[in-house]
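Trainee: The structure is given below, and queries will be raised subsequently.
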Amino acid sequence: MANSSASTLASWLKQAKTVLAQVTEEAEAEAKYCLSHVLQCNYSYLYSHAGQLLTEEQRQQLDGILQQRQTGTPLAYVLKQWHFWDFELAVSPATLIPRADTEILVEQALQLALPATAKVLDLGTGTGAIALALAKERPGWQVTGVDLQLEAVACATNNKAALQLVNCHFLQSNWYAAVKAQKFELIVSNPPYIEPDDVHLQQGDVRFEPKTALVAAEHGLADIEQIIAGSVLQLQPGGWLLLEHGYQQAEVVRESLLHAGFNQIQSKKDYGGQWRISFGQGPL
């Protein structure tokens, strides 16, 4: 898109949508995100100042972003940040890109009748998205996020510092290994749940995301089953377990929760109408 003619915000958005449409179905949303990122403004500014001219430096920065995006690299990895809940998170190729559908899990957790000082565990925390959203909304909760990848732990810790949250911390751990001595009122997780041969792994942004955070054996259920089994020892009596999963996995996850002794078992759909989370309350 580099050329010598001046661009207004409106004209750049129009051009960018055309370019981005070649690599994403979210061209308009990504174009607005790029421009607001470079200008450090909100979306309403883009429209109220639609006739504002971009500086040469801004144009060069935006052209560089679009060039990288045209290679297929996810915009979140190009910008090294992405939006989740009501804040921005630093991301890296070692972490999944936070997705809006995961906010369903956060919303459900916030509806639970938990103690004001509840201890919460987020398994496979990645950027820390779920843990940080819960810690931000419930300052009295003590939230622990764990991840097997040290780079993810570092990313989550940096995000915590940027958000100036003091009621959460992050550890390297293979699931429950580092927190065996603790019990929690709430355990949440967005674990790997995609089958190794799923065609979606070769499509879109997922091609660039870490397979260790996406893929699980046993038809995508191995990690979910391990989390459910381990939660029985890690939950306080009457504690809750909330799991994100694939759209075809809700029934089998509910069955696993039932076999593990959980009650009040439910599933919820995401913003696209697909079954996305299941949860239950442990024995009292």
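The values are calculated or read from the model by the stated rules, or taken from the named source; none is laboratory data. Because the structure is predicted, anything quoted here is derived from the model rather than measured. No Cβ is skipped: glycine too gets one built from the backbone with ideal geometry, and neighbour counts run over all protein chains shown.
Trainee: Do any strands (runs of 3 or more DSSP E) lying entirely in region 99-173 carry at least 3 residues that are within 15 Å of the chain's Cα centre (by Cα) and buried (at least 19 other Cβ atoms within 10 Å of the Cβ), and which ones are they?
Mentor: Numbers: elements: 119-123, 142-147, 168-172.
In region 99-173, 142-147 are the strands (runs of 3 or more DSSP E) which contain 3 or more residues that are within 15 Å of the chain's Cα centre (by Cα) and buried (at least 19 other Cβ atoms within 10 Å of the Cβ).
Trainee: With respect to the numbered conditions (1) buried (at least 16 other Cβ atoms within 10 Å of the Cβ); (2) under 30 Å from L243 (Cα atoms); (3) touching a residue at least 40 places away in the same chain (Cβ under 8 Å), which one is the sole condition not fulfilled by P93?
Mentor: For P93, the exception is condition (1).
Trainee: Can L201 be described as assigned to a helix (DSSP H, G or I) and either closer than 16 Å to F84 by Cβ or at pLDDT 95 or above (or both)? Break it down into steps so the answer makes sense when it comes.
Mentor: Values: assigned to a helix (DSSP H, G or I): yes; either closer than 16 Å to F84 by Cβ or at pLDDT 95 or above (or both): no.
Here the answer is no, as L201 does not meet what is asked.
Trainee: Here is a further query. Looking only at region 1-53, which residues are of a type in the set (D, E) and under 20 Å from A90 (Cα atoms)? Explain how you work it out, then say what you get.
Mentor: Residues of region 1-53 of a type in the set (D, E): 25-26, 28, 30.
Matches in region 1-53: E30 only.
Trainee: Answer yes or no: is there a residue in region 244-262 that is surrounded by fewer than 16 Cβ atoms within 10 Å (Cβ to Cβ) and in contact with a Gly (Cβ under 6 Å, 6 or more places away or on another chain).
Mentor: No; the residues of region 244-262 include none that is surrounded by fewer than 16 Cβ atoms within 10 Å (Cβ to Cβ) and in contact with a Gly (Cβ under 6 Å, 6 or more places away or on another chain).
Trainee: Something else about it: Return a yes/no flag: does region 2-23 have any residue that is of a type outside the set (V, I, T), in a loop (DSSP other than H, G, I, E, B), more than 26 Å from Q203 (Cβ to Cβ) and touching a residue at least 60 places away in the same chain (Cβ under 8 Å). Can you show your working first?
Mentor: First, pick out the residues of region 2-23 that are of a type outside the set (V, I, T): 2-7, 9-17, 20-22.
Now restrict to residues that are in a loop (DSSP other than H, G, I, E, B): 2-7, 21-22.
Add one more test, that the residue is more than 26 Å from Q203 (Cβ to Cβ), and what stays is 2-7.
Next, only the ones that are touching a residue at least 60 places away in the same chain (Cβ under 8 Å) stay: 2.
Yes, region 2-23 contains at least one residue that is of a type outside the set (V, I, T), in a loop (DSSP other than H, G, I, E, B), more than 26 Å from Q203 (Cβ to Cβ) and touching a residue at least 60 places away in the same chain (Cβ under 8 Å).
Trainee: Would it be correct to say that I265 is assigned by TED's automatic domain parsing to the domain that holds F184, in contact with a Lys or Arg (Cβ under 6 Å, 6 or more places away or on another chain) and either surrounded by fewer than 21 Cβ atoms within 10 Å (Cβ to Cβ) or in a loop (DSSP other than H, G, I, E, B) (or both)?
Mentor: Details: assigned by TED's automatic domain parsing to the domain that holds F184: yes; in contact with a Lys or Arg (Cβ under 6 Å, 6 or more places away or on another chain): yes; either surrounded by fewer than 21 Cβ atoms within 10 Å (Cβ to Cβ) or in a loop (DSSP other than H, G, I, E, B) (or both): yes.
Answer is yes for this residue.
Trainee: Please determine whether any residue of region 218-235 is part of a strand (DSSP E or B), within 18 Å of the chain's Cα centre (by Cα) and buried (at least 16 other Cβ atoms within 10 Å of the Cβ).
Mentor: Within region 218-235, not a single residue is part of a strand (DSSP E or B), within 18 Å of the chain's Cα centre (by Cα) and buried (at least 16 other Cβ atoms within 10 Å of the Cβ).
Trainee: Could I ask something else about it? On the given criteria, is P74 within 23 Å of P191 (Cα to Cα) and either among the basic types (K, R) or surrounded by fewer than 19 Cβ atoms within 10 Å (Cβ to Cβ) (or both)? Steps first, answer last, please.
Mentor: Working: within 23 Å of P191 (Cα to Cα): yes; either among the basic types (K, R) or surrounded by fewer than 19 Cβ atoms within 10 Å (Cβ to Cβ) (or both): no.
For P74, the condition - within 23 Å of P191 (Cα to Cα) and either among the basic types (K, R) or surrounded by fewer than 19 Cβ atoms within 10 Å (Cβ to Cβ) (or both) - is not met.
Trainee: Right, here's the next one. Restricting the search to region 42-91, which residues are outside any helix (DSSP H, G or I), among the small types (G, A, S) and within 25 Å of E107 (Cβ to Cβ)? Outline the logic, then answer.
Mentor: Here is the first cut: in region 42-91, the ones outside any helix (DSSP H, G or I) are 42, 49-55, 71-74, 80-91.
Applying the additional criterion that residues be among the small types (G, A, S) yields 50-51, 72, 90.
Selection gives A90 alone.
Trainee: Which of the following residues is surrounded by 14 or more Cβ atoms within 10 Å (Cβ to Cβ) and either over 17 Å from E209 (Cβ atoms) or out of contact with any Leu (no Cβ under 7 Å at 6 or more places or on another chain) (or both): E25, E56, E88? It would help to see each step written out before you state the result.
Mentor: Values: E25 fails: surrounded by 14 or more Cβ atoms within 10 Å (Cβ to Cβ); E56 fails: surrounded by 14 or more Cβ atoms within 10 Å (Cβ to Cβ).
That would be E88, the only listed residue that is surrounded by 14 or more Cβ atoms within 10 Å (Cβ to Cβ) and either over 17 Å from E209 (Cβ atoms) or out of contact with any Leu (no Cβ under 7 Å at 6 or more places or on another chain) (or both).
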